[in-house]
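Only one structure is covered here, and it is reproduced in the block below.
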Amino acid sequence: MTPNKVQTRLGELHFYDGIPTKDTLKKVYNNLDFMRGVEVFLNFIPATSIEGMRRGMASMGVSDYNEVMVFDNLMDSSPLFLTGNTDTVYASAIIDLKKNGPTVIEMPAGAGPGTVDDAFFRFVVDMGAPGPDAKKGGTYVILPPNYKGELKPTKNGMKYRGKDMTTTIDIGGKKTKVWIAQSTSYTNWMILRGFLKDGKPDAASKMWRTGLKIYPLSKAKDHKKMQFVNGSGKFFNTIHANNYKFYEELNHVLQYEPVSFLDPELRGLAAAIGIEKGKPFKPNARMTKILKDAVAVGNATARAISLRPRDKNAYLYKGKQWYTGFIGKDYQWLLDGGKGGRNLDARTLFFYSATVNTPAMALEIPGVGSNYAFDTADKNGNILHGEKSYKLVIPANVPAKDFWSVVIYDPQTRSELQVPGGSKYPSKNNKRDKLVYNKDGSVTLYFGAKLPKGAPKANWTQTVPSKAWFVLLRLYGPLQPWFDKTWSPSDIELIK
């Protein structure tokens, strides 16, 4: 039973025979709205992250089906882009199935990992190295969520990689073998990666600019010429808001996408704070104040989960600080194969700091795709300070068929660290950089505002005084020693 007075974190709550009094009603309803606001922030980061990507790309003149951003000189620290890499040549495009209907993507041969994700960052299809074309190139068709035609999705999972699971269809009067995937949303993000050749991006840039084609299936005979925008060295922002504007960005997504895009539970959560398809989002002064508070707490919570996780299952090695973005090795973040539901904090951990969702980044597929490890603290669990000096040992025989790299990031933006007057490429890559190796084949990397005494400059990445930083270790084409953990990097160690 409920007594007349109850002590809680909201203060003392009052009841008359179990019925809340007026002052208690005000407290609990304000708290309920606040909790819903926090939960909307945490649960809808994937949707607003894609929306941030769409807006950022549009600001650079990349919004039509024939427009693609290519990082001809690699991605540097100029843009705000969640944990982007300095190691592969990105080709990025927004696919709008609402405007264009079924859309054709012609992939060139030789492509590295590529993925299409829907407007909630759910996996649609892989292309290139982990895709069914297995780097041989080919044609893909992406169907919209409300498609009613004769085309049916083909088998595109990892176990069909390299196998002929194509369907032959007519494209512009020509019989063409295609892989078909269907999205659950109208808005989709396509991100492709091309590998460096002799440490340079030129070949991959040329591959995208001469071989990549995107057009509506309905306009196969008469589509626009491809237009490519160089994103290297340019500032643009692809990150969702971390203030009240977050809810406005989410409202745009829910208004644009079909009702089927999200399940009733998620839609109900958004509707609880006034975001509902077909209705204006106009919270009153009381609700606006609550949501501003909620998004601040939501942001703080997401930062805690993503940058200093408490889930022991996140950590890759006992006693070390390295952790994974795919807890449970699952790109859907399901607990016990779904019996335990979805690990919501694990999903937040990934999407607050990263982009691109594909099985190829989560599963154990030796020699294919890519794997990642985060580190946001030194060996003692302390924040990494930009004015201090640190070292990291990468042991010999790194289990990466293609390459490995270490990139450092700004925790504020989760984007590449911007170093005033320093390099725009805050990273080290074993194929691009002429690193100085130790006698045992290992390499010691150094970090600090100034070159540590005795450290080779080639192995040093500059940091910024009075700023924190964190790192991502990337392995492209990860091999078995990475998965069975017989190989591992050292912790980051403070140089005294």
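No value in this document is a laboratory result; all are computed from the given coordinates. These numbers were taken from a predicted model, which means no experiment stands behind them. Using ideal geometry, Cβ is built from the backbone for each residue, glycine included, and neighbour counts are taken over all protein chains shown.
Structural remarks
- Neighbourhood net charge (14 Å Cβ-Cβ; Lys/Arg +1, Asp/Glu -1) for E67: +4
- Size of charge dipole - region 419-496 - debye, nearest 20, with Cβ of Lys, Arg +1 and Asp, Glu -1, no other charges: 380
- Dipole of region 160-220, positive direction: furthest Cα of Y160, M190, S205, with charges on the beta-carbon: S205
- Think of the chain as a dipole: +1 on every Lys or Arg Cβ, -1 on every Asp or Glu Cβ, centred on the Cα centre; then among L42, L435, L349, L435 lies furthest on the positive end.
- When the Cα gyration tensor is reduced to axis lengths a ≥ b ≥ c, the ratio a/c is 1.5 or higher for region 61-230, and with a/b above b/c it is classed as prolate.
- Surrounding net charge for A449, when Lys and Arg each add one and Asp and Glu each subtract one, Cβ distance under 15 Å: +4
- Remark: region 403-408, residue by residue, has Karplus-estimated 3J(HN,Hα) of 5, 10, 8, 10, 10, 10 Hz, where x stands for each Gly or Pro and the curve is 6.51 cos²θ - 1.76 cosθ + 1.60 at θ = phi - 60°.
- Filtered trypsin sites (Lys or Arg not before Pro), region 145-241: DSSP coil and at most 16 other beta carbons within 10 Å: K148, K155, K163, K221, K224, K225, K234
- Average Cα contact separation per residue, region 61-230, under 8 Å, 6 or more apart, as relative contact order %: 33
- Relative contact order (percent, whole number), region 364-494, Cα cutoff 8 Å, 6+ residue spacing: 46
- The chain - percent relative contact order, Cα under 8 Å, separation 6 or more: 18
- Environment charge of Y317, counting only residues whose C-beta is closer than 13 Å and scoring Lys/Arg +1, Asp/Glu -1: +2
- Among E387, E265, sorting on how many other beta-carbon atoms sit within 10 Å of each Cβ, with the fewest leading, yields E265, E387.
- Among 296-304, 95-103, the order from most to least packed when residues are scored by Cβ within 10 Å on average: 95-103, 296-304
- Of all DSSP-defined beta bridges confined to region 61-230, some 80% are antiparallel rather than parallel.
- Listed values (i) 40, 27, 24; (ii) 37, 33, 20; (iii) 44, 26, 21 include one computed from this model; for semi-axes √(5λ) of the Cα gyration tensor in Å that value carries the label (ii).
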